[in-house]
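Beneath this line is the structure, given in structure tokens, with notes to follow.
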Amino acid sequence: MKKIELLAPAKNCEYGMTAIKCGADAVYIGAAKFGARSAAGNSIEDIESLIKFAHFYNAKVYVTVNTILSDDEIIKAQNLIQKLYEIGADAVIIQDMGLLELDLPPVKLFASTQTHNASVEKVKFLEKTGFQRVILARELSLSEIEKIKKETEIELETFIHGALCVCYSGQCYLSQSIGGRSGNRGECAQPCRKKYSLTDKKGKIIAEDTHLLSLKDMNLSKNLEELIDAGVTSFKIEGRLKDLNYVKNIVSYYRQKLDMIAENKEIKPTSSGKAIISFSPNPDKTFNRGYTDYFLNDRTPKITSFDSPKNIGEFVGSVKEITRECFILDKLLEPLHNGDGLTFFDQYENLIGTSVNMVNGKKISPNNLKIIKRGMNIYRNYDHQFLKTVENAITVRKISINFNIDLNKNNIIINATDEDNNIATEIIPNNFEPAQNQQKSIENIKKQFSKLGETAFNSNNIEITGNSIVFIPVSELNNIRRTIIEKLEAERNNNYEIERFSIEKNDYPYPQKQVDFSANIMNKYAKAFYERHGTEVKEVLSNSADCLKNKRLMETKHCLRYQFSLCPKQNKANDSSDLILIDENNKEYTLKFNCKECKMELY
């Protein structure tokens, strides 16, 4: 049976544990340094606690060490990976190829999406180099993923939900060029969420003061079966900087989706136990910029969030009338509650908001009525009632166990077997009095052994065998149950096996004969890696903004020519020359168009 992994973000240990309780098969978490989200670092001690918790459920923990590194940093990163290996990390996600030149412990290595995994040739190279998994570029279509799977045997991981970078991961230098904050160093300032204007070479304005590089969020929940058929085995949720309600809601949502698919396909989760949640997950209720399937089903114009990079929310209605105390909606598509957050666009097309003080049908009394105008479209981006429900929701994960209680003349033998065939046995002398009411005694034994309370287990079946039915006091039954549960917990912890893998160096040829700064080489070990694989290193990347003058700062599949119906493929009469992108400080960038590969480049 094929195993499918739901992979969730862990901002910290608490978030990781919550994700696992909600049904994640694995979580990814940042170490204290060298992660692509510098604001989401964690200590070795906290990661170790998360690992112990996860492994109990056969869930895995992957640690990100996926920035590019200087000569001084790479040795520190090597030491960090050694520590992660020692505490039981299941894999380390890396970007810097220089690490493969060092003496690393036998821990699995996953190629970060920052390594620009967008072609068969690149994925095949990483497989031959010794990586155990590649995290695919978000821009790939289903047919491209199918082709990669057909020509490789490596594990494929793909993002299915969350924020989208407009640039191919690992190939964005815009933030570094502006202020020295490199996305490849975990410090992106998110310039793609700013406002820009677009003109042609003659200065004709095509678009003005809008979020031209801002994309909607990814949601591939309708395409999970197709991705499974295409060969993806790990489904990744973005969001190590999102809040805990996001983790609860989105992980629970995809767990339910995958479980429904599993009923009709021969697939199963990679971890154990069943998540039990007390709310109905809804991805529309947590932060999003609107949703898109991006390029999975080929190009579509509905991928952008030009209006705002913020959470606009759900459309609830338009303002029909305004009184002294409230505004009245023409219709109410979603019921509103006191404490909800509302958003709307002002006369300057800026997204602003207010909160709800009181609701009376379509009559809404907001915190600030003065900013509401007749005809405004009103959205809700904060559903107070739903988020309160999620915040207070019970989220537990239970592992199914069967008890066999053999009542014979000399001993009582209790076996507890969990769903992974871990077995714990407890044998006690049968010094108890024969039961006066055998049926009642059997019922009492079953009742007490089914009381697993706040343990990680759920009783599936309790079988009582033997012909020496005795009366066992409740207090004694509870002691026996507690003892055997403790033994089973220890057995599960002892039986978890971490898969280990050592990389052997080779000289399998890199797909390109030459590489420039975009190979993200910042240390002598990375340079040696590429040279060992037969590639000439034309230039390396420094940590300054100066090294990027006149360089390509972005390569995107998002195309502004296409978005504004200026693509020559749409109409051969359209001009195919460069366009100019102008930021809020009047700094100009040249946009070039690689029409053969349907890509846009920013200089």
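The values are calculated or read from the model by the stated rules, or taken from the named source; none is laboratory data. Keep in mind that this is a model prediction, so the values were computed, not measured. Heads up, the Cβs are rebuilt from the backbone with ideal geometry, glycines too, and the neighbour counts pull from every protein chain shown. Protein only, heavy atoms only, side chains kept; ligands, DNA and RNA dropped before computing areas. Shrake-Rupley method; radii C 1.70, N 1.55, O 1.52, S 1.80 Å.
Would you calculate the volume per residue, in Å³, of the smallest convex hull containing every Cα atom of region 34-145? Each step should come with its number before you reach the end.
Numbers: hull volume 13.5 nm³, N = 112.
Cα convex hull per residue, to the nearest whole number: 120 Å³.
Cβ neighbours within 10 Å, averaged per peptide: list 150-161, 369-380 in order, most packed at the top. Could the numbers behind the result be given before it?
Working: 150-161: 19.1, 369-380: 15.8.
Packing order, densest peptide first, comes out as 150-161, 369-380.
Please give the direction-averaged projected area of the C-alpha convex hull for the chain, in square nanometres with one decimal. Don't skip to the answer; put the middle values down first.
Numbers: hull surface 133.4 nm².
Dividing the Cα hull surface by four gives the mean projection, 33.3 nm².
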Handout entry: Ranked by how many other beta carbons lie within 10 Å on average, peptides 410-421, 133-144, 428-439 from highest
Key = 133-144, 410-421, 428-439
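Can you give the local net charge around Glu187? Use residues other than it whose beta-carbon is closer than 11 angstrom to its beta-carbon, Lys and Arg +1, Asp and Glu -1. Can you show the working numbers first?
Values: positive: Arg37, Arg181, Arg185; negative: none.
Taking every Cβ under 11 Å from that of Glu187, the sum is +3.
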Handout entry: Of Lys257/Lys487; Lys128/Lys236; Lys3/Lys513; Lys373/Lys569, those spanning more than 32 Å from alpha-carbon to alpha-carbon
Key = Lys257/Lys487; Lys3/Lys513; Lys373/Lys569
Practice task
Sort the following peptides by mean Cβ neighbour count (other Cβ atoms within 10 Å, averaged over residues), highest first: 569-576, 248-255.
Solution key: 248-255, 569-576
Completion exercise
Here the cysteines of the chain lacking a cysteine partner under 4.7 Å (Cβ to Cβ) are Cys13, Cys22, Cys165, Cys188, Cys192, Cys326, Cys547, Cys559, Cys567, Cys595, Cys598
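Quick one: compute a quarter of the convex hull surface over the Cα atoms of region 465-562 and quote it in nm².
Details: hull surface 70.0 nm².
Average projection, Cα convex hull of region 465-562: 17.5 nm².
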Problem - Solvent-accessible heavy-atom area per residue, rounded to whole Å², over region 559-603 at 1.4 Å - result: 58
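Let me know the shape class of region 63-116, please: from the alpha-carbon gyration tensor, a ≥ b ≥ c as square roots of the eigenvalues, rounded when a/c is under 1.5, otherwise prolate if a/b is greater than b/c, or oblate. Mind dumping the intermediate values first?
Working: a/c = 1.80, a/b = 1.15, b/c = 1.56.
Because a/c hits 1.5 or more and a/b fails to exceed b/c, region 63-116 counts as oblate.
Mind pulling up the Rg/Rh value for region 358-432? Radius of gyration and Kirkwood radius, both on Cα.
Details: Rg = 29.4 Å, Rh = 18.9 Å.
Looking at region 358-432, the ratio lands at 1.56.
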Handout entry: Stokes-Einstein D (µm²/s) once Rh is taken as the Kirkwood radius of region 459-516 over alpha-carbon pairs, at 4 °C in 1.567 mPa s
Key = 73
Handout entry: P(r) histogram, all alpha-carbon pairs of region 340-467 included - 10 Å bins from 0, percent
Key = 10, 26, 14, 8, 10, 13, 12, 7, 1
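Treat region 133-192 as a sphere of radius equal to its Kirkwood radius over Cα pairs and apply Stokes-Einstein at 10 °C in a medium of 1.306 mPa s; give the translational diffusion coefficient in µm²/s, rounded to a whole number.
Values: Rh = 13.2 Å.
In µm²/s, the coefficient rounds to 120.
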Exercise for the section: Note the angle between two axes, namely the Cα long axis of helix 474-495 and the longest principal axis of the Cα atoms of the chain, as a number of degrees from 0 to 90, rounded to the nearest 10. Expected result: 50
Exercise for the section: Treating the angle as unsigned and between 0 and 90°, give the value, to the nearest 10°, between the Cα long axis of helix 71-86 and the longest Cα principal axis of the chain. Expected result: 20
Handout entry: Cα-based helix-to-principal-axis angle, 120-129 vs the chain, degrees rounded to 10
Key = 50
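Could you compute the FRET efficiency for Tyr589 and Asn368, with r as their C-beta to C-beta distance and R0 at 35 Å, rounded to 0.05? Write down the numbers at each step before the final one.
Values: r = 37 Å, r/R0 = 1.07.
The formula returns an efficiency of 0.40 here.
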Handout entry: Cα coordinate range in region 218-270, projected on the principal axes (Å, largest first)
Key = 33, 20, 19
Exercise for the section: Please label the shape of region 345-400 as rounded, prolate or oblate, based on the square roots a ≥ b ≥ c of the eigenvalues of the alpha-carbon gyration tensor (a/c under 1.5 means rounded; beyond that, a/b larger than b/c means prolate, else oblate). Expected result: prolate
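GluC sites (Glu not before Pro), restricted to region 501-603: which are DSSP loop and have at most 14 other Cβ atoms within 10 Å? Kindly include the intermediate steps, with their values, before the conclusion.
Details: sites: Glu504, Glu531, Glu536, Glu539, Glu555, Glu584, Glu588, Glu597, Glu601; in loops: Glu504, Glu539, Glu584, Glu597.
Taking region 501-603 and a limit of 14 other Cβ atoms within 10 Å, the loop GluC sites (Glu not before Pro) found are Glu504, Glu539, Glu584, Glu597.
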